[in-house]
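Undergrad: Right, I'll just put the structure down here and ask away after.
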Amino acid sequence: MLKFGLVTLGCDKNTVDSERYLADLVAHGGEQVTDLRDAEVVVVNTCGFIDAAKAESIEAIVAAARLKDDGKCQAVFAIGCMVERHKSELEEALPEVDVFLGNSETDRLIPELVERGLLGGSLVEHPGVRLFGGDLPHVRYLKISEGCDHGCAFCAIPLMRGKHRSFALDDLVKEAQLLEVQGAREMNLVAQDLAHYGRDRRDGVALPELLEALVRETSIPWIRNMYLYSTGITPRLLEVIAANPRIVRYLDTPMQHGSDAVLARMRRPERQKTIRERLAQYRAIVPDLAVRTSVIVGFPGETETDFEILCDFLEEMQFDRVGVFTYSPQEGTRANSMEDDVADSIKQERKERVEELQRAITSERYERFLGVESRVLVERASDVAGEMLCRAPWQADDIDGLVHVPINAASGIMTPGAFADVRIEHVVDDYDFRATLLRVAEQATAPIRRASRTLPLVGSGIPDSSSVGSFGR
């Protein structure tokens with residue numbers, strides 16, 4: 001039995017991809033190991049989004065390759081986004097890597113292993129389209145489309161992921177049901193642009209219909225929307241969110257800047273006026289909606305005046321959370337031909353200024369929750385004895401802070417994946433909360449262990465395509 005290690009870098013979309021690779025590897029008799037020193041094959045799923053991500057990917061690949069001398073490793077596979085963009089350069093620079101596979105050729109992962117005699121060609125029982133390999137099995141991600149048709153000047157995602165293509169509704173419902181069987185209590189919908197879902201399929205199914213199907217066909221308590229361009233956030237979508245209590249009242253919609261001049265150079269479709277109008281619409285249709293956005297500072301030509309306009313606009317818009325990034329030129333993008341005329345030191349200074357401004361805005365906005373009763377999802381035990389870490393509906397996984405809930409022997413069992421009702425008492429460090437436990441509302445659901453069966457996703461021998469239905473191959 002092949003022992004393999006799988007390293008995942010980058011975004012939540014990469015996490016979904018890795019879970020599919022994991023399922024295919026296990027389906028062919030592989031065994032995942034957590035200590036890479038025990039792995040006979042190491043697969044590194046790379047990220048190529050910005051320079052820092054590329055550097056992290058290269059560092060991970062080099063570290064894996066060292067295990068060929070220092071461990072049991074016989075082969076290293078580098079796959080994914082960075083390989084899609086820079087395969088020839090990587091092959092020249094890193095000869096110690098055995099196989100490079102970009103996003104468009106990851107269906108070759110199993111055949112390449114078989115051809116090298118590292119994996120048997122026949123399939124064993126298939127665990128499903130995805131197999132969880134992370135730390136929080138109650139928090140899962142559902143990727144509903146692949147690629148992007150937007151022409152933002154700074155973004156290389158279309159070069160790595162290709163044009164936008166939506167996955168079939170039936171396939172997504174089946175995958176969501178699988179995640180529920182595996183213990184999902186929160187399902188985060190992800191894509192390069194969720195709001196673009198369905199436009200290419202022309203079957204009358206768009207994001208609102210998908211959400212309604214997921215509510216109807218699963219019982220996952222929380223469904224959260226991540227990564228929507230504002231141009232696709234329609235009144236119909238907002239009404240679906242407002243009408244379904246299991247769809248978390250949360251939107252993550254990237255703004256990228258507040259200066260119309262910078263937005264135009266970025267080739268973004270919005271301007272201050274449209275952003276202002278749309279945000280007002282969101283909040284009018286969906287009461288208590290939490291809105292997160294992201295901005296880029298230091299884009300070519302950004303003046304101090306542009307930056308001040310951005311800060312003033314953030315003050316006006318009062319987003320709940322803001323992610324801040326410094327501009328990094330990317331080969332092949334339109335912005336790469338522009339002069340990168342904002343010094344790195346100024347980029348970093350502006351990033352810190354926006355973060356400090358937004359910290360104050362978020363802290364002030366969070367005061368509206370003081371004294372409020374809220375249902376929270378239990379994440380894990382805290383490092384502090386007698387305390388559990390939880391998340392409220394307005395806090396997305398990994399990026400929006402936590403709720404600290406003290407417990408004692410009389411509190412009842414609070415295991416990861418359970419839901420509890422709490423009263424918010426304090427804002428802690430601007431982004432977190434401290435709360436009083438009122439009751440454990442709903443215990444975690446143990447993953448269902450189905451009777452042994454062979455799924456109709458795969459046959460015998462080496463398949464000519466991956467076993468993931470319509471999912472982006």
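Please treat every number below as a calculation from the coordinates, not as lab data. The shown structure was predicted, so the numbers you read here are calculated from the model rather than taken from an experiment. Don't worry about glycine lacking a Cβ; one is built from the backbone with ideal geometry, like all the others, and counts go over all protein chains shown.
Undergrad: Among the lysines in the chain, how many pairs, 8 or more places apart or on different chains, have alpha carbons under 20 Å apart?
TA: 11
Undergrad: If contacts are Cα pairs under 8 angstrom and at least 6 residues apart, what is the relative contact order of the chain in percent?
TA: Numbers: 945 pairs, mean separation 59.7, N = 473.
Over the chain, the number comes to 13 percent.
Undergrad: Also: So which cysteines of the chain have no other cysteine's Cβ under 4.7 Å from theirs?
TA: Lone cysteines by the Cβ rule: 11, 47, 73, 81, 148, 311, 390.
Undergrad: Would you pull out the residues with amide H under 5 Å of residue 141's amide H, same chain only if 5 or more places away, H placed 1.01 Å from N?
TA: 188
Undergrad: Please compute the modelled spin-label separation between residue 63 and residue 382, points set 7 Å along Cα→Cβ, answer in nm with one decimal.
TA: Spacing of the two 7 Å Cα→Cβ label points: 2.9 nm.
Undergrad: Quick one: net charge around residue 149, please, counting Lys, Arg +1 and Asp, Glu -1 for every other residue with C-beta under 10 Å from its C-beta. It would help to have the intermediate numbers written out before the result.
TA: Numbers: positive: 163, 165, 199; negative: 193, 200.
After counting each charged neighbour, the total is +1.
Undergrad: Please pull out the direction-averaged projected area of the chain, using the convex hull of its alpha-carbon atoms, in nm² to one decimal place. It would help to have the intermediate numbers written out before the result.
TA: On the way: hull surface 92.6 nm².
Reported value for the Cα convex hull: 23.1 nm².
Undergrad: How big is the C-alpha Rg of segment 35-120 next to the rule-of-thumb value 2.2 N^0.38 Å, as a ratio?
TA: On the way: Rg = 12.3 Å, N = 86, 2.2 N^0.38 = 12.0 Å.
Relative to the 2.2 N^0.38 Å estimate, segment 35-120 comes out at 1.03.
Undergrad: Please give me the summed charge of the neighbours of residue 38: other residues whose Cβ is under 13 Å from its Cβ, Lys and Arg +1, Asp and Glu -1. Kindly include the intermediate steps, with their values, before the conclusion.
TA: On the way: positive: 3, 37, 72; negative: 31, 35, 40, 70.
Result for the neighbourhood of residue 38: -1.
Undergrad: Could I have the simple spin-label model distance between residue 283 and residue 203, label points 7 Å from Cα toward Cβ, reported in nm to one decimal?
TA: For the pair residue 283/residue 203, the computed spacing is 3.8 nm.
Undergrad: Let me ask something else. Amide H neighbours of residue 32 under 5 Å, counting only residues 5+ apart in sequence or on other chains, H built in-plane at 1.01 Å?
TA: 4
Undergrad: Which of the peptides 255-265, 413-423 is most tightly packed, and how do the rest follow, judged by the mean count of other Cβ atoms within 10 Å per residue? Show your work: numbers first, answer last.
TA: Numbers: 255-265: 20.5, 413-423: 18.8.
Result, highest mean first: 255-265, 413-423.
Undergrad: At 7 Å along the Cα-to-beta-carbon direction for both residue 337 and residue 276, put a label point, then send me their distance in nm to one decimal.
TA: Label-label distance for residue 337 and residue 276, simple model: 3.4 nm.
Undergrad: Count the net charge of all other residues whose Cβ sits under 12 Å from the Cβ of residue 296, scoring Lys and Arg as +1 and Asp and Glu as -1. Kindly include the intermediate steps, with their values, before the conclusion.
TA: Values: positive: 265, 268, 347, 350, 351; negative: 302, 306.
Residues close to residue 296 contribute a combined charge of +3.
Undergrad: Something else about it: For segment 76-217, compute Rh as the Kirkwood radius over C-alpha pairs and then the Stokes-Einstein diffusion coefficient at 25 °C and 0.890 mPa s; write the answer in µm²/s, rounded to an integer.
TA: On the way: Rh = 17.5 Å.
The Stokes-Einstein estimate is 140 µm²/s.
Undergrad: Could you point to the residue in 413, 104, 435 farthest towards the positive end of the chain's charge dipole, with +1 and -1 charges on the Cβ of Lys/Arg and Asp/Glu respectively?
TA: 413
Undergrad: Just the number, please: Stokes-Einstein D of segment 194-335 in µm²/s, Kirkwood Rh from C-alpha pairs, 4 °C, 1.567 mPa s.
TA: Details: Rh = 16.4 Å.
In µm²/s, the coefficient is 79.
Undergrad: Would you work out which of 313, 324, 384 lies farthest towards the positive end of the dipole of segment 309-409? Charges go on Cβ: Lys and Arg +1, Asp and Glu -1.
TA: 384
Undergrad: Which value in Å does the Kirkwood hydrodynamic radius of segment 1-82 take, with 1/r averaged over all unlike C-alpha pairs and then inverted?
TA: Radius from the Kirkwood sum: 12.7 Å.
Undergrad: For residue 432 and residue 93, calculate 0.36 nm times their separation in residues minus their Cα-Cα distance, and state this gained length in nm to one decimal. Walk me through the numbers before you get to the answer.
TA: On the way: separation 339, 0.36 × 339 = 122.04 nm, distance 4.38 nm.
Contour length minus Cα-Cα distance gives 117.7 nm.
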